[in-house]
Structure formats: structure tokens, C-alpha cells
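The values are calculated or read from the model by the stated rules, or taken from the named source; none is laboratory data. Computed from a predicted structure; not experimentally measured. Using ideal geometry, Cβ is built from the backbone for each residue, glycine included, and neighbour counts are taken over all protein chains shown. We work out accessible area using only protein heavy atoms, side chains counted, and drop any ligands, DNA or RNA first. Shrake-Rupley method; radii C 1.70, N 1.55, O 1.52, S 1.80 Å.
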Amino acid sequence: MNELQPLGRLLIVAGLVLVGLGVLLSLGGKIPGLGRLPGDILIVRGSFRIYIPLATSILLSLVLTGVLWLLRR
């Protein structure tokens, strides 16, 4: 039974991460400032529009790295 314990922990953490991502996606438009940070790129040319959330991606990466680092300890 001990050889399956790390797999069980990994599945629990993966499930929690997926739930957290689901909450973020469902509340994404309601979190003030998220997606409209300085450093996010918006290009509008006529009817063409492209949005590149560079700063938002870096911020989310740092937050997730910190959370996973805490879970590993």
C-alpha cells in the first residue's frame, strides 16, 4: 500500500489545482484588474483585435509557483 501513497497525494493536489483553476476561470471577469494589467498587450486594427495577457500570465505563474512550492514543503 505504501507504494501508492505518492500517487494518491499527486492526484489530490492535481484535483485541487484543477478546482482552483476552475474557480479562477469562472470568476475571471469579476476579479478587478485581472486581465487588464500594465504590460498586457492589446492590438486593435479595424475589425481585427488581438489580446496578449503577458503581465497577467507572469503574475499567475508566480502565484502558482509559490503555491506549488508551499505544497512541496
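Take the chain with all the other protein chains still there, run a 1.4 Å probe, and you get 89 Å² of accessible area per residue. Using just its DSSP H runs of length 4 or more, each adding -39500 (n - 2.57), the chain gives a mean residue ellipticity at 222 nm of -20000 deg cm²/dmol after division by all residues.
Share of the chain's accessible area from carbon and sulfur, percent, 1.4 Å?
Values: 4610 of 6470 Å².
Heavy-atom surface of the chain belonging to carbon and sulfur, 1.4 Å probe: 71 percent.
Quick one: grab the alpha carbon gyration tensor of the chain, order the square roots of its eigenvalues as a ≥ b ≥ c, and give me rounded if a/c is under 1.5, else prolate or oblate depending on whether a/b is larger than b/c. Please list the in-between numbers first.
Working: a/c = 3.17, a/b = 2.70, b/c = 1.17.
The shape class here is prolate.
Comparing ILE41, ASN2, VAL19 along the charge dipole axis of the chain, the residue lying farthest to the positive side is ILE41, per the Cβ-charge model.
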